[in-house]
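The values are calculated or read from the model by the stated rules, or taken from the named source; none is laboratory data. Everything numeric in this text was worked out from a predicted model, so none of it was measured. Reconstructed Cβ throughout: ideal geometry from the backbone, glycine too, with neighbour counts over all protein chains shown. Surface areas here come from the heavy atoms of the whole protein model, side chains and all, with no ligands, DNA or RNA. Shrake-Rupley method; radii C 1.70, N 1.55, O 1.52, S 1.80 Å.
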Amino acid sequence: QVQLVESGGGLVQPGGSLRLSCAASGSIFSTSAMGWYRQAPGKQRELVAVIGSGGSTNYADSEKGRFTISRDNAKNTVYLQMNSLKPEDTAVYYCHANTGRMNYWGKGTLVTVSS
């Protein structure tokens, strides 16, 4: 059984930064594609960024240049560095793992961008 636990969310002012972390249990981390998704109130969940097991990355267009996804396989952790945050980035951010056979989700961490 794989568990994903997100942390690092909170309240930040527009233009500020946050770093989200997702710690994964189990032995599948290093071979899994990991991703961050978000869901704003009243909206569907959407992709933010993904990182493959080999380190290749892909971002949603609105996050390119502002967000950076990275992973530390030794710590079974994936990160999302978010800079130049905007009010429209307010959402619950979810960690996702794709092992190739199964998909796993964390419970999410709330990010609120407001002055």
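General observations
- Beta carbons closer than 6 Å, at least 6 apart along the sequence or on distinct chains, pair a first residue in segment 37-53 that is within 17 Å of ASN98 (Cβ to Cβ) with a second that is among the polar types (S, T, N, Q) for ARG45/GLN39; VAL50/ASN58; ILE51/THR57; SER53/THR31.
- Just so you know, in segment 48-65 the residues that are part of a loop (DSSP other than H, G, I, E, B) and modelled with pLDDT under 95 include one that is surrounded by the most Cβ atoms within 10 Å (Cβ to Cβ), and it is SER53.
- The residues of segment 6-44 that are among the small types (Gly, Ala, Ser), open to solvent by less than 20 Å² (accessible area, probe 1.4 Å) and within 16 Å of VAL92 (Cα to Cα) amount to a single one, GLY35.
- Test: THR68 is out of contact with any His (no Cβ under 9 Å at 6 or more places or on another chain), at pLDDT 95 or above and either crowded, with 21+ Cβ neighbours inside 10 Å or closer than 17 Å to VAL5 by Cα (or both): no
- Candidate set: segment 74-100, residues that are without any contact (Cβ under 8 Å) to a residue 60 or more places away in the chain and loosely packed, with under 14 Cβ neighbours inside 10 Å; chosen: the one farthest from the chain's Cα centre (by Cα): ALA74
- Scanning segment 18-31 for residues being over 15 Å from ARG66 (Cα atoms) and under 14 Å from the mean Cα position of the chain (by Cα) gives a total of 4.
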